[in-house]
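Accompanying notes for the structure given below.
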Amino acid sequence: MGPTASVAWERAMKIQEVILRAMAKRITWWQAAEIIGISERQMRRWHRRYEKAGYDGLWDRRRGQPSPRRVPLQTAQQILQLYREKYFDFNVRHFHEKLREQHGLALSYSWVKLALQGAGLVAKVRRRGVHRQRRLRRPLPGMLLHLDGSSHAWLREGQRWDLLVVLDDATSEIYYAQLVEEESTRTVLAALREVVERKGLFCALYSDRASHFFETPKAGAKVDPQRVTQVGRALRELGIRMIPAYSPQARGRSERTFGTWQGRLPQELRLRGISTVEAANQFLREEYIAECNRRFHVAAAQPGSAFLPLQGQDLEKIFSMQQERVVQRDNTVQIGHRVLQIEKTPWRDTLAGCRVIVYEHRDSTLTIGYGPHIVGRFNAQGIPLLEPGPPKRQQKAVEKTGAARPWQTLRVSHFPTASATTRSRS
């Protein structure tokens, strides 16, 4: 294309943008004529030429026949109307997919993007920054998982929720996605437990340096590998390595994923009339995760999987919140404002002075463990949960005292992995 043709094409593109804005009802036709610098009569002639020949009708007619690949005006008007009235909050890629799947309009992505940008319905993207080289994916699923959260007004009600997503580095497959009130130790442990239960043990987890993942003595400095959090302790027990990210660019794969989620999920929720977090999470579990995996899943570089099956690990114990306490002289331990009373056990007269572990489970119940033994179970308020003991033992207690006492009905049990040899008197 020579210099003259380039100038003509640039002029036609500018006129096209003004006409698209008028077609999208962003400006009036007489305002379009004033912007271009022509009379209203000339604008009406150009409008008719555009209706008849599309973009090519704006070219100098001495330059040959119009292109047979031009888009009819009715189609262009339909696309602009659809975006303006129904898909106004969709990004261009998402809107282009809807045009193909829902409306049968098989136009190129470039044409749709230029038409929306020309009509002023979509902002033109800024120029890309400096060149960066993308890190190669892991060759097998299960070698590296990303866990991250994104705070956004997902439900269009003003309130921001955190979307927790776990995806595989090798295939971009989503294993978990749920809206939570806040990304925290409890919500992260729940996400990891669900992934481990469904998929098995993986090799490494890549995340930011939030306080529920790592202890960072100084802001911006390296994490302290010796001081582990609850999440770090749980993954260490499973043999899973934790890798910290030191910049948003280092988490580029998950950051790009959240850009896609923010450009699609709120719109899909709006189209389905979903306005509660419970309904949104059900939609994510039952439909949208599978839809994302179908659309964005990539093949792994090598066949096989790095996931390993569970081998008797007690996930209820591992993924609980664990705190060490020293038993007081009256056989109590304190967790927050709750005082937990430990009853007498058949294998030790008193636990005063002993170090025990208090496990806070996902349903907020509490368990006190001494080695492999469970010496107490409590509800969220710290009230003992009574377990029925042997019938003969209960009957003797009733005959002797007239009523079964709590410590006579509490059965001392063990974690599933405990060995029978540990029941000896300490």
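The values are calculated or read from the model by the stated rules, or taken from the named source; none is laboratory data. What you see is a predicted model, and the numbers here were worked out from it, not measured in a lab. Glycine gets a Cβ as well: all are built from the backbone with ideal geometry, and neighbour counts include every protein chain shown. We work out accessible area using only protein heavy atoms, side chains counted, and drop any ligands, DNA or RNA first. Shrake-Rupley method; radii C 1.70, N 1.55, O 1.52, S 1.80 Å.
Data for the structure
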quantity: Unsatisfied cross-links (Cα-Cα over 24 Å) in the set K25/K86; K25/K52; K98/K124; K222/K317; calculated: K222/K317
quantity: Rounded FRET efficiency, nearest 0.05, which uses the C-beta distance separating R325 from E101 and R0 of 51 Å; calculated: 0.35
quantity: Packing-based order for 287-293, 316-322, using average beta carbon neighbours within 10 Å, highest first; calculated: 316-322, 287-293
quantity: Förster-model FRET efficiency, 41 Å R0, Q262 and S39, C-beta, rounded to 0.05; calculated: 0.35
quantity: Solvent exposure ordering (accessible area, 1.4 Å, most first) of L192, L386; calculated: L386, L192
quantity: Average accessible area per residue (Å²) across region 116-265 - probe 1.4 Å, nucleic acids and ligands excluded; calculated: 50 Å²
quantity: Inter-probe distance in nm under a simple model that places probes 7 Å from Cα toward Cβ, at R355 and R156; calculated: 5.5 nm
quantity: Tensor-based shape of region 275-332 (alpha-carbon gyration tensor, a/c under 1.5 rounded, otherwise prolate or oblate); calculated: oblate
quantity: Length-normalised contact order for region 278-381 - Cα pairs under 8 Å, 6+ apart - percent; calculated: 20 percent
quantity: A123-F296 pseudo-label distance in nm [points 7 Å out on the Cα-to-Cβ vector]; calculated: 2.2 nm
quantity: Förster radius 56 Å - calculated FRET efficiency between L315 and Q78 (Cβ-Cβ, nearest 0.05); calculated: 0.55
quantity: Backbone HN-Hα couplings from phi across region 164-177 [Karplus 6.51/-1.76/1.60, Hz, Gly and Pro as x]; calculated: 8, 10, 10, 10, 8, 5, 6, 10, 6, 6, 8, 9, 7, 7
